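The values are calculated or read from the model by the stated rules, or taken from the named source; none is laboratory data. Source: prediction; values computed, not measured. So basically every Cβ, Gly included, is an ideal-geometry build from the backbone, and we count neighbours across all protein chains shown. Surface accessibility is based on the protein's heavy atoms, side chains included, excluding ligands, DNA and RNA. Shrake-Rupley method; radii C 1.70, N 1.55, O 1.52, S 1.80 Å.
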Amino acid sequence: MILANTTSVGMKPNTNATPISKKALRHYSLVFDAIYTPKWTRLLQEAQESGAKVVFGTEMFINQAFVQFERFTGLPAPKQQIRETLARNT
């Protein structure tokens, strides 16, 4: 099963909060958390410890940036440059 957390649970400053128990995470093979601050939320840490593949909120954030850049400028997004900038700042 797939779990997608699209709530603010676990976002700064309440980084110790999680929307689901670690015990329940054993039923999921993939866990996505839309939160990107912090990158490693408690949910993602516990999901990885439970054996699930994790997807960071930064993936959603960065793909939104690509689309916004292209719509605003009419040019292809400099994806590598945007990824490198995000990596330096998260």
Kindly list, by first and then second residue, each pair from a residue in the range 1-29 that is under 18 Å from Phe56 (Cβ atoms) and free of Cβ contacts under 8 Å to residues at least 24 places away in the same chain to a residue that is basic (Lys, Arg) and not in a loop (DSSP other than H, G, I, E, B), limited to pairs with Cβ atoms under 8 Å and residues at least 6 apart or on different chains.
-> none
Do you know which residues across the range 53-90 are of a type in the set (A, V, I, L, M) and either touching a residue at least 40 places away in the same chain (Cβ under 8 Å) or over 30 Å from Ala24 (Cα atoms) (or both)?
-> Ala65, Val67, Leu75, Ala77, Ile82, Leu86, Ala87
Scan the range 1-53 residue by residue and report those that are in a strand (DSSP E or B) and touching a Ser or Thr at 6+ places or on another chain (Cβ under 6 Å).
-> Asp33
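Let's see how each residue does on (1) modelled with pLDDT under 95; (2) on the phi < 0 side of the Ramachandran plot; (3) β-branched (Val, Ile, Thr):
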site: Pro38; (1), (2), (3): yes, yes, no
site: Thr41; (1), (2), (3): no, yes, yes
site: Phe69; (1), (2), (3): no, yes, no
site: Gly74; (1), (2), (3): no, no, no
site: Ala87; (1), (2), (3): yes, yes, no
Scanning the range 49-89 for residues that are touching a strand residue (DSSP E or B) at 6+ places or on another chain (Cβ under 8 Å) and open to solvent by less than 60 Å² (accessible area, probe 1.4 Å) gives Ala52, Val54, Val55, Phe56, Gly57
